[in-house]
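Here's the structure, in structure tokens; my notes come after.
The values are calculated or read from the model by the stated rules, or taken from the named source; none is laboratory data. Remember, it's a predicted structure, so these values are computed and weren't measured experimentally. Please note: Cβ atoms are built from the backbone with ideal geometry, for glycine as well, and neighbour counts cover all protein chains shown. To get the accessible areas, we keep the full protein, side chains included, count just its heavy atoms, and leave off ligands, DNA and RNA. Shrake-Rupley method; radii C 1.70, N 1.55, O 1.52, S 1.80 Å.
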Amino acid sequence: TLIKGFYMGTYTVTQEHWKEIMGNNPSPFKGDKNLPVLRVTWDDCQDFIKKLREKDKKPFRLPTEAEWEYACRAGTTTPFHFGETISTDQANYNGGAIYGNGKKGVYRDMPLPVGSFPANAWGLHDMHGNVWQWCQDWYGDYPQKDVVDPQGPDTGRFRVLRGGAWDYDPRSCRSAYRYGSVPGNREDVHFGFRLCFSVE
């Protein structure tokens, strides 16, 4: 149960926004200013957020895993916010793979500019596919009882990532799918993030 209101970024953070705040662009794919920033570690995201807070005076942070899934689902209970299956007209993933009763689609083999696909019911784009998105939590087992505003484990080895990516199969794009990596992983070219902040 989530009882604290929060805002979630409409898009994942772009290369243009990252460069404006950090002065560099770690992404291997370049060319369009609206491409998502990539190859950023969880620690890099914290540095970006700290500088953005100082600049904009807002309490930006990464979303918790629970907030991310709640925002992704936008009130739905199906595997994807648009229904029981997924197509490459709806998201950017490895279209050579099929989920459920879906069909094979396009395999673009690269990320696309943010907002290339329709938003969910709450106006959020690219919650499925395109880039994995860092969450605030350590990766761990879900609690075995109901919890309010879960924050994840106190410690761990991996931080949570959600959403899938352009060359992962559609199963990993599901609203409920969990992934994790060490917070200092700079080798993976699929990792991006979106901003969040609590309603005061």
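For region 91-131, taking Cα atoms only, what is the radius of gyration to one decimal and the Dmax to the nearest whole Å?
Cα only, region 91-131: 10.9, 29 Å (Rg, Dmax).
Please compute the volume of the convex hull spanned by the alpha-carbon atoms of region 1-95 and report it per residue in Å³.
131 Å³
Here are some values of Rg and Dmax of the Cα atoms in Å: (1) 17.2, 56; (2) 19.0, 60; (3) 16.0, 48. Which one was computed from this structure?
This structure yields the entry labelled (3).
How much of the accessible area of the chain, probe 1.4 Å, is carbon plus sulfur, in whole percent?
49 percent
Calculate the translational D of region 19-64 in whole µm² s⁻¹ from Stokes-Einstein, where the hydrodynamic radius comes from the Kirkwood formula applied to all Cα pairs, the temperature is 10 °C and the viscosity 1.306 mPa s.
137 µm²/s
Counting pairs of alpha carbon atoms under 8 Å apart in space and at least six apart in sequence, what relative contact order in percent does the chain give? Write out the running numbers ahead of the final one.
Details: 444 pairs, mean separation 63.9, N = 200.
Here the relative contact order equals 32 percent.
Consider a paramagnetic label point 7 Å from the Cα of LEU2 along Cα→Cβ; state which residues of region 52-79 have an amide N under 12 Å from it.
Within reach of a label on LEU2: 63-76.
What residues from region 167-194 fall in the zone where the backbone N is under 18 Å from a label point 7 Å along the Cα-to-C-beta line of THR155?
182-184
So between GLN144 and ASP109, what do we pick up on full extension, going 0.36 nm a residue minus the alpha carbon distance?
Result for the pair: 8.7 nm of gain on full extension.
Calculated from DSSP H runs of 4 or more alone, at -39500 (n - 2.57) each and per residue, what is the 222 nm mean residue ellipticity of the chain, nearest 500? Provide the component values of the computation, followed by the final result.
Working: 3 runs with 32 residues, N = 200.
It comes out at -5000 deg cm²/dmol, rounded to the nearest 500.
Mean Kyte-Doolittle hydropathy of 1.6 or higher plus an axial Cα length of 18 Å or more: which whole DSSP H helices in the chain meet both?
none
Using 0.36 nm times the number of residues separating THR77 and THR10, minus their current alpha carbon distance, what extension gain do you get? Mind dumping the intermediate values first?
Details: separation 67, 0.36 × 67 = 24.12 nm, distance 2.07 nm.
Between THR77 and THR10, full extension yields 22.0 nm more.
Just add up the charged neighbours of TRP138: K/R +1, D/E -1, any other residue whose Cβ is under 13 Å from the Cβ of TRP138. All intermediate terms of the calculation are to be shown ahead of the outcome.
Numbers: positive: ARG157, ARG159, ARG178; negative: GLU65, ASP137, ASP141, ASP154.
Neighbour charge sum, excluding TRP138 itself: -1.
Please work out the average accessible area per residue across the chain, using the 1.4 Å probe convention, and give it in Å².
Here the residues of the chain average 50 Å² of exposed surface.
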